[in-house]
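Student: Structure in structure tokens, see below.
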Amino acid sequence: MPLSEEFLAKWDHIISEVEKTEVPLECINKMIVRIDGNRQKTINLARLRRDGLDNDEIEELLNRNLSSLGDTVRTIDFVVDVNAVANIVQPATDKLLKSL
């Protein structure tokens, strides 16, 4: 079921307030890997999924890429899929709050 823009905006606000040190793979749209020399490598996980890769294959690809970059990696930023997070968290939230 598609989620409303207002609903997603609320989740976007919630997510932006959380430090993202560990993010489930299925909740990541892109990874931006910043490396030495003010360069970056962007890995588009959403596109990989559209191309038919499953999470195990994506994880293997990410591990190979990060391993090959080695010590040149300075930071990794995640672009979170707000829709995926909301679809995972909202049912649990609804269940928890239903009894209140």
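FYI, it's all coordinate maths here, none of it is from the lab. Everything numeric here is computed off the predicted structure, so don't read it as measured data. So basically every Cβ, Gly included, is an ideal-geometry build from the backbone, and we count neighbours across all protein chains shown.
Student: Each residue of segment 69-75 in turn: what ³J(HN,Hα) in whole Hz from Karplus with 6.51, -1.76, 1.60 and θ = phi - 60°, glycine and Pro shown as x?
Tutor: Values per residue, Gly and Pro as x: 7, x, 6, 6, 6, 9, 8 Hz.
Student: Oh, and also: In segment 18-71, which trypsin sites (Lys or Arg not before Pro) are in a loop and have at most 15 other Cβ atoms within 10 Å, using DSSP for the loop call?
Tutor: In loop regions of segment 18-71 (DSSP not H, G, I, E or B), the sparsely surrounded trypsin sites (Lys or Arg not before Pro) are K20.
Student: Let me ask something else. Take the eigenvalues of the Cα gyration tensor for segment 5-98, scale each by 5, and report the square roots as semi-axes in whole Å, largest first.
Tutor: One finds semi-axes of 28, 16, 11 Å for segment 5-98.
Student: Another question, if that's okay. Assuming R0 = 22 Å, can you tell me the calculated FRET efficiency for the pair S4 and A46, based on Cβ-Cβ distance, to the nearest 0.05?
Tutor: With a Förster radius of 22 Å, E is 0.60.
Student: If amide H atoms are built 1.01 Å from N in the plane of the peptide, which residues on other chains or at least 5 residues away come under 5 Å of the amide H of I28?
Tutor: Under 5 Å from the amide H of I28: D81.
Student: Kindly state, to the nearest 0.05, the FRET efficiency for N38 paired with N87, given R0 = 41 Å and r defined as their beta-carbon distance.
Tutor: That gives a FRET efficiency of 0.70.
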